1. Before anything else, pin down the relative contact order of the chain: Cα pairs under 8 Å, at least 6 apart, normalised by residue count, whole percent.
2. Over the range 182-234, give the accessible area per residue in Å² for a 1.4 Å probe, as an integer.
3. Calculate what fraction, in whole %, of the accessible area of the range 153-252 sits on carbon and sulfur atoms when a 1.4 Å probe is rolled over the protein chains.
4. How much area per residue is accessible in the range 79-133 when the probe is 1.4 Å and only protein heavy atoms are counted (Å²)?
5. Work out from phi, with θ = phi - 60° and the Karplus expression 6.51 cos²θ - 1.76 cosθ + 1.60, the ³J(HN,Hα) of each residue of the range 356-369, listed in order in whole Hz, and give x for Gly and Pro.
6. Fully extended, how many nm does the chain gain between residue 356 and residue 226 (0.36 nm per residue separation, minus their Cα-Cα distance)?
7. State the cysteines of the chain left without a partner when partners are defined as other cysteines whose beta carbon lies under 4.7 Å away.
8. Of 203, 344, 73, which has the largest mean-square fluctuation in a 10 Å C-alpha GNM of the chain?
Amino acid sequence: MNHITKQLTLAILLITSFQAHSQITAPGASGSQTTSFGDPIYFFTSPTGQILTYVASDASADYTYEWIKHNPMDNSWTNILESGSGNQTSLVITDEGGYGLKITKSASETDFYRCWVYEPAISNQSIKITDEDCYGLTLQTDFESKPLICYNPVSGTAENIIYDVNYTWTATPAPDNTIASSPTVKLEAPVEDTNYTATITDMAGQTIEASLDYTAIAVEASYTSEELKADIPTEIHTTTEGSAPIEIRFTDESKGHITSWGWRFTNSNVSKSDQNPFHVFTTIGKDTVLLTVTNGRCTDIVDDPLVVIIFESLLEAPNTFTPNGDGINDEFRVVYRSIKKFKMIIFNRWGRQVYVSSDPEEGWDGSIGNGKATPGVYFYTIEAEGYNSEEKHKLSGPVHLIRGK
């Protein structure tokens, strides 16, 4: 390596090291980004009167500085604004555009830094629907920006600065999921009319916003149910499962602009179109309650349907009861399930009828007329039918009435 090559290599290394540790800064800038060719861009809400600074990484440095304003007419850097020396320098900005700083450390060590200073402006924001169906909605927000131009130092080509902006979306009513921070957002189709607002913030901290009132086309099927069946201690039944009849009132809680409701009770093969129907379940088996809603454009079926289970009829009678007022086994009552017809007659030992009932919910309390029946053996006959035609029951036998002491 000859002497000239060694000097050139040393100069390049010094300049590279110099650039790696120093740069023009703008302490009052609201934001910044970088050009495609690596120059910093500083944004201000009002750049005039703001300050650009440079501080050498070597505190003992004594450099010569020249601040230069870029001339966009011929893409030149010849308009010297200020000059000075030392280990730091600053410049009060006069207007937007390019600013350069020529730094001379020695006859063989010179560097040149550039930056671009602008006051951005964004306006005329809008939101539009780019796609919608029964399942999804795509929104896009656009805006106009003030043209900001920088110049490539190698090619001299003018380049439009594409603003870095932040997007914030909000919706009323609020969606279940957070909306992405992007100009185009894909959402689940709302089932309620929704106001969407997009806020755009530029690198200078300025904000604009636009809103869109969206009329929902999607629908969502949903309902609640209320069982009206009374709680009978001797009826074998739990909520929506067990003994017919089960009476249930349904309340529609679907969402969307719904124009028709379709209810289907699968096991009993019944359909209804009321918005809030009432239904009596008597068919043995598992009955699933499906709700389909539509507005002519979108349709939805409930995804968590109610299941009602009816078991076959059952009838049993005790052989003892103790009507002594202690609240335990005070009545002669049958244990039953899914009984449609019922008749019970109780006789005393001489065949006299002492009690008659056509309701399995009722029981004999051990009284005859206005008085108490004498303790002892009585006899019953019971005939009953279930909800299936072949379900017939006949029971008869003695029952012991015990009063105790």
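1. 9
2. Averaged over the residues of the range 182-234, the accessible area is 49 Å².
3. The computed percentage sits at 46.
4. 48
5. Values, residue by residue: 9, 8, 10, 10, x, 6, 8, x, 7, 8, x, 10, 10, x Hz.
6. 43.5 nm
7. Isolated Cys, the chain: 115, 150.
8. 73
The values are calculated or read from the model by the stated rules, or taken from the named source; none is laboratory data. Predicted model only: the values in this text are computed from it and were never measured. Note that each Cβ is placed from the backbone with ideal geometry, even for glycine, and that neighbours are counted across all protein chains shown. Ligands, DNA and RNA are stripped out before the accessible areas are found, and what is left, the full protein with its side chains, is counted by its heavy atoms. Shrake-Rupley method; radii C 1.70, N 1.55, O 1.52, S 1.80 Å.
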